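The structure under discussion appears below in the form of C-alpha cells.
The values are calculated or read from the model by the stated rules, or taken from the named source; none is laboratory data. What you see is a predicted model, and the numbers here were worked out from it, not measured in a lab. A quick note on method: Cβ atoms are made from the backbone with ideal geometry, for glycine too, and the neighbour counts reach across all protein chains shown. Note: accessible area is taken over every heavy atom of the protein model, side chains too, but ligands, DNA and RNA are not part of it. Shrake-Rupley method; radii C 1.70, N 1.55, O 1.52, S 1.80 Å.
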Amino acid sequence: MGCCDVPGLMTVETALNNIMTQVSPLTTITTVALADAMGMVLAEDILSPINVPPFANSAMDGYALRAADLEHTNTLTMVGKSFAGIPFTGTCEAGQCVRIMTGAEIPVGADVVIMQEETQVDGDNIQFNIKPKANDNIRPIGDDMHCGETVLVKGTRLTAREMPLLASLGIAAFAVYRRPKVAFFSTGDELRPVGEALAAGQIYDSNRYGIKALLEKFGCDVLDLGIIPDCPEKLRQAFLTASTDADVVITSGGVSVGEADYTKDILDQEGQIGFWKIAMKPGKPFAFGTINNAWFCGLPGNPVSAMLTLYQLVQPMLAKLAGHSQYQPPVRLQAKATSMFKKRPGRTDFQRGIYSINCDGQFEVATTGNQGSGAFSSMHHANCFVVLEQDRGRVEAGELVTIEMFNHTMY
C-alpha cells in the first residue's frame, strides 16, 4: 500500500454527496434579453405564445393543389405563386394549382403539395406524374409547438439548442437566475505569471488559466485575483475580499500540510471548513466549506489534480448553485483496455485515456502515458477519464474498464 493509500480517506461519492446536500440554488432572479441569455438558467417555465408554424406551409418547392382534382386528370392550370413571406392571396379552385416554395403558406382550397420533380411544365399547364394523398408535404399549424404548450422547463440551462427555439416563439426576454460569481486565486511563492523569466525553484502559474476556462464553461461570472504569495496577511486579505465579492471562492494550492500552507489556519479563523482527504487520485487534498457568506473550494496545487477536482466535485456543485436542475454528470460506459494501466488499491483513480471505436463498433481505450499529477500534457492528449474503482489494482490490456467521456466543458 502506498503512502497515500491509507485508511480513513473519504470516498469520492461521499465527498460529492456532502457538497451537494449543503449547497442550495441561488434565488436572485433577473430578466434577460434573448440575445444575452446564452448559458443562463431559466427561472420560469416557458410556454409557447403561438403555434409553430403559425400557418400551414409547404415542406418543399412544388405545386399546391386539391388532391381530388387529379383523380380524373393529370393536368391543372397554374393561377399564381406562393413564396415564403409573400403568400398567394386568392383561392385555389377546382382544376387549379399554385406554384409554391418551401415554407410558403398553403393557399386556401389546396390540401396537398407535389414536388416540382414530379411535374412537367408547359407554360401555365402543369402535368403531374403522381397521384398524391391529401396533406402530403404540408406542415400543419402547430406541427412543431402548440400555443400554450410548455416548451422549456424551469431550471434549463440555455445552449445553442434552446436559443433558436426561443427565437422561433418570438420571446424577446424572460426570467433567469443570476449566474454564480466565483472568485479564484493561486497561492505559492514559487509561482510566476506567464511572460516573466523564471528564477531558480520557480514555475509558471498554469492553474488559473485552466480554472478560469472551466468556470466560464460552467456558466459562471469569474473574478481572477491572481497569485497570492505565501504570506498570512496577504492570504487573509485575499480571502476576505473574495468572500465579500463572490458566491464561491476557489483556491489552488495551500490545502496540504506543508510548513508554508497557511490556508487552513486562516480559514479555521475566518470560516467553517471541512478539510478532507479524499480517496481520489489525483486530487487527495481538497477542502470544502464556507467563508463569510461564500462557499469555499480548496483545490490541490498540482495542475492535473486542480482540474480534476474542479471538474468532478465543483462542476456539479456550481450547476446546483446556478439552479440548473437539468444537469447531467458526464457519460460513463464500458471500454476494453488496449494498454496496461498501473494502479494500487486504495483510491478511485481518474487516469487520462484516449478512447476510440474499433471496426466492430466496440469502445477501446489506451493510456495517454505519464499519469503524474504534474504532467498536464496528458490532459491535452486525452478525450476521456479512465475511472478505476477504489479497490481495483493494476489493469491489463484486454480487461474492461469504465471510461467517462469529457463533457462540453473540456472542449
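Quick look at the values:
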read-out	value
Cleavage-rule hits (chymotrypsin sites (Phe, Trp or Tyr not before Pro)) in the range 1-108: DSSP loop, at most 14 neighbouring Cβ within 10 angstrom	PHE55
Probe 1.4 Å, accessible area per residue of the chain, Å²	47
Given 13 as the ceiling on other Cβ atoms within 10 Å, longest exposed-site-free region of the chain for trypsin sites (Lys or Arg not before Pro) in DSSP loops	162-341
Alpha-carbon centroid distance for the pair the range 373-406 / the range 233-292, whole angstrom	28
For the range 57-139: rounded, prolate or oblate by the Cα gyration tensor [a/c cutoff 1.5]	rounded
Accessible surface of the range 57-139 [probe 1.4 Å, protein heavy atoms]: carbon and sulfur percent	46
Two-site label geometry, LYS181 and GLU118: point separation in nm, points 7 Å out along Cα→Cβ	6.1
Net lengthening on full extension, THR338/ASN125 (0.36 nm per residue, minus Cα-Cα)	70.0 nm
Cβ-Cβ FRET estimate between CYS359 and HIS408, R0 fixed at 22 Å, reported to 0.05	0.20
Prolate/oblate/rounded label for the range 332-405 (Cα gyration tensor, a/c 1.5)	oblate
Value of relative contact order over the chain, rounded to a whole percent, pairs C-alpha under 8 Å and six or more apart	16
Residue pairs, from the table LYS264/LYS342; LYS284/LYS320; LYS154/LYS264; LYS284/LYS342; LYS212/LYS343; LYS277/LYS320, whose Cα atoms sit over 27 Å apart	LYS264/LYS342; LYS154/LYS264; LYS212/LYS343
Magnitude of the charge dipole, the range 332-405, Cβ model with Lys/Arg +1 and Asp/Glu -1, debye to 20	280
SER168-LYS234 FRET efficiency (beta carbon distance; Förster radius 35 Å; 0.05 resolution)	0.10
Cα-centred dipole magnitude for the range 57-139, charges only on beta-carbon of K, R (+1) and D, E (-1), debye, nearest 20	160
Distribution of pairwise C-alpha distances over the chain, 10 Å bins, in %	4, 18, 20, 17, 13, 10, 9, 6, 2, 0
Check: the chain dipole with +1 on Lys, Arg Cβ and -1 on Asp, Glu Cβ, in debye	1040
Dipole of the chain [Lys/Arg +1, Asp/Glu -1 at C-beta], most positive-end residue of VAL314, ALA67, GLY219	VAL314
Relative counts (whole %) of C-alpha pair distances in the range 264-391, using bins that are 10 Å wide	12, 35, 33, 16, 4, 1
Distant-in-sequence amide H partners of ARG192 (H built 1.01 Å from N, under 5 Å)	ILE203, TYR204, ASP205
Contact order relative to length of the range 57-139, as percent, for alpha carbon pairs under 8 angstrom and 6 or more apart	40
Taking only Cα atoms of the range 201-301, radius of gyration then Dmax in Å	13.1, 37
Summed residue charge, Cβ within 13 Å of VAL98's Cβ, Lys/Arg positive, Asp/Glu negative	-3
Gaussian network model of the chain, springs between alpha carbon atoms under 10 Å - residue of THR290, THR14, THR348 with greatest fluctuation	THR14
Using θ = phi - 60° and Karplus 6.51 cos²θ - 1.76 cosθ + 1.60, couplings along the range 282-292 (whole Hz; Gly, Pro as x)	x, x, 4, x, 8, 10, 9, x, 9, 9, 6
Candidates per GluC sites (Glu not before Pro) in the range 337-411, loop by DSSP, up to 16 other Cβ within 10 Å	GLU389, GLU396, GLU399
Rounded FRET efficiency, nearest 0.05, which uses the C-beta distance separating ASN383 from THR159 and R0 of 30 Å	0.90
Signed unit charges on C-beta, dipole axis of the chain, positive-most listed residue GLY353, ALA199, ALA366	ALA199
Whole-percent carbon and sulfur share, accessible surface of the range 332-405, 1.4 Å	51
